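Student: My questions will all concern the structure given below.
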Amino acid sequence: MSTSNKFHVRNATLAGDDAQFIIAAFDSTLPYLASIGAGGMWGEQPFSQKDGFEEDTVDSVRKSEQDENPPKVMIVEIEILNRVEGQERPQDANMPTRVGAAVVLDSLPSYLTAREELKNEINKEKKFLYLEVIISDFRTDPLHRGAGAALIEAVKDYGRVNKYDTLYVDCWAGNGGRLNK
Ligand SMILES: CC(C)(COP(=O)(O)OP(=O)(O)OC[C@H]1O[C@@H](n2cnc3c(N)ncnc32)[C@H](O)[C@@H]1OP(=O)(O)O)[C@@H](O)C(=O)NCCC(=O)NCCS
C-alpha cells in the first residue's frame, strides 16, 4: 500500500490475526501512556477486557476489507533483517513484524458533530477523512518508533488517491496538549 523508509503500510485483513494484533497493541499503549503522565487518556482497563471491543475491532477490519470506502484499517510493518539484541521477536528473521495500526473513517463521531464551534467547519461539504485511531505496538520497542508518522503518511496517500479534500484529526487535550505536538 505505502512504503516510507523502513516501514510498510498495508490494509488489515481477517485472514491473519490483525484484529487480535490491534487489540494487543492498544493494551500495550497503557503502561506507556501512564509513564508519560497521559494515563487519563484511555484509563487503566485493558482494551482486551472491554465489553464489545474485540467484536468492534473485528467488525472494522471486516468492513475495511470488504468495502472500498472507509472505515479503512491499516497496519504498519517493519521488515527485520537481523535479530535485534534483547528482543524476543522476531522468531523468524525477514518476516514483517507489525508495529502499529490506524483506523480512518469518512464521518465524524457525534461528540464532534455536536459541538457548536465546529458546525461551520463541518458544514463545508468537503469530502473528508477522519483519523479515528493511531497506535504503536509498544511491545516492539524500539522498532515501533516512527510508525505513527508512517501511518499518517499512508493515510494522506489514501486521501490523495481517493480524492478526499481534508483529513481531520483530534487529540486528547490533557497532559498539557502534548499529543497535539
Ligand atoms: C501516537 C503514536 C502512534 C506516535 O507514534 P510515532 O510516530 O512512532 O512517535 P513516538 O511514539 O516516537 O512519539 C512521538 C512523541 O509523541 C509523544 N506521545 C505519543 N503519544 C502521546 C500521548 N498520547 N500523549 C502525549 N504525548 C504522546 C511521545 O512521548 C513522543 O514524544 P518525544 O518525541 O518527546 O519523546 C504512538 O506514540 C502511540 O501509540 N501513542 C499512544 C497511543 C496514542 O496516544 N495514540 C493517539 C491517539 S488515538
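The values are calculated or read from the model by the stated rules, or taken from the named source; none is laboratory data. As the structure is a computational prediction, the values presented were derived from the model and not from experiment. Cβ coordinates were reconstructed from backbone atoms using ideal geometry, including for glycine residues, and neighbour counts include every protein chain displayed.
Student: Within region 165-181, how many residues are over 19 Å from the mean Cα position of the chain (by Cα) and more than 9 Å from the ligand (Cβ to nearest atom)?
Tutor: Total meeting the criteria: 1.
Student: Here's something else I'd like to know. Quick one: in region 66-81, of everything that is within 16 Å of the chain's Cα centre (by Cα) and among the charged types (D, E, K, R), which residue is surrounded by the most Cβ atoms within 10 Å (Cβ to Cβ)?
Tutor: Looking at residues that are within 16 Å of the chain's Cα centre (by Cα) and among the charged types (D, E, K, R), I get Lys72.
Student: Looking for something near the ligand (Cβ under 8 Å from one of its atoms), of a type in the set (Val, Ile, Thr), part of a strand (DSSP E or B) and surrounded by 14 or more Cβ atoms within 10 Å (Cβ to Cβ) - is there at least one such residue anywhere in region 135-144?
Tutor: Checked region 135-144: at least one residue is near the ligand (Cβ under 8 Å from one of its atoms), of a type in the set (Val, Ile, Thr), part of a strand (DSSP E or B) and surrounded by 14 or more Cβ atoms within 10 Å (Cβ to Cβ).
Student: Can you name the residue in region 123-132 that is free of Cβ contacts under 8 Å to residues at least 60 places away in the same chain and surrounded by 16 or more Cβ atoms within 10 Å (Cβ to Cβ) and, of all such residues, is nearest to the ligand (Cβ to nearest atom)?
Tutor: Only one residue tops the list, namely Leu131.
Student: Return the residue satisfying two criteria in turn: it lies in region 3-50 and is in a helix (DSSP H, G or I) and touching a strand residue (DSSP E or B) at 6+ places or on another chain (Cβ under 7 Å), and of such residues it is nearest to Val61 (Cα to Cα).
Tutor: Restricting to residues being in a helix (DSSP H, G or I) and touching a strand residue (DSSP E or B) at 6+ places or on another chain (Cβ under 7 Å), the top hit is Asp18.
Student: Thr166: of a type in the set (Val, Ile, Thr) and under 26 Å from Leu30 (Cβ atoms), yes or no?
Tutor: no
Student: Still on this structure: With the requirement that a residue be surrounded by 13 or more Cβ atoms within 10 Å (Cβ to Cβ), at negative phi and either within 8 Å of the ligand (Cβ to nearest atom) or without any contact (Cβ under 8 Å) to a residue 24 or more places away in the chain (or both), what does region 146-164 give you?
Tutor: Ala147, Gly148, Ala149, Ala150, Leu151, Ile152, Lys156, Asn162
Student: In region 47-65, is there at least one residue being more than 19 Å from Ala19 (Cβ to Cβ) and either modelled with pLDDT under 95 or surrounded by 11 or more Cβ atoms within 10 Å (Cβ to Cβ) (or both)?
Tutor: No, there is no match, as no residue in region 47-65 is more than 19 Å from Ala19 (Cβ to Cβ) and either modelled with pLDDT under 95 or surrounded by 11 or more Cβ atoms within 10 Å (Cβ to Cβ) (or both).
Student: Identify, by number, the condition in (1) surrounded by 13 or more Cβ atoms within 10 Å (Cβ to Cβ); (2) touching a helix residue (DSSP H, G or I) at 6+ places or on another chain (Cβ under 8 Å); (3) touching a residue at least 60 places away in the same chain (Cβ under 8 Å) that Ile36 doesn't meet.
Tutor: (1)
Student: Go through region 123-167 and count every residue that is of a type in the set (Asp, Glu), closer than 20 Å to Leu179 by Cα and modelled with pLDDT under 95.
Tutor: So the count comes out to 1.
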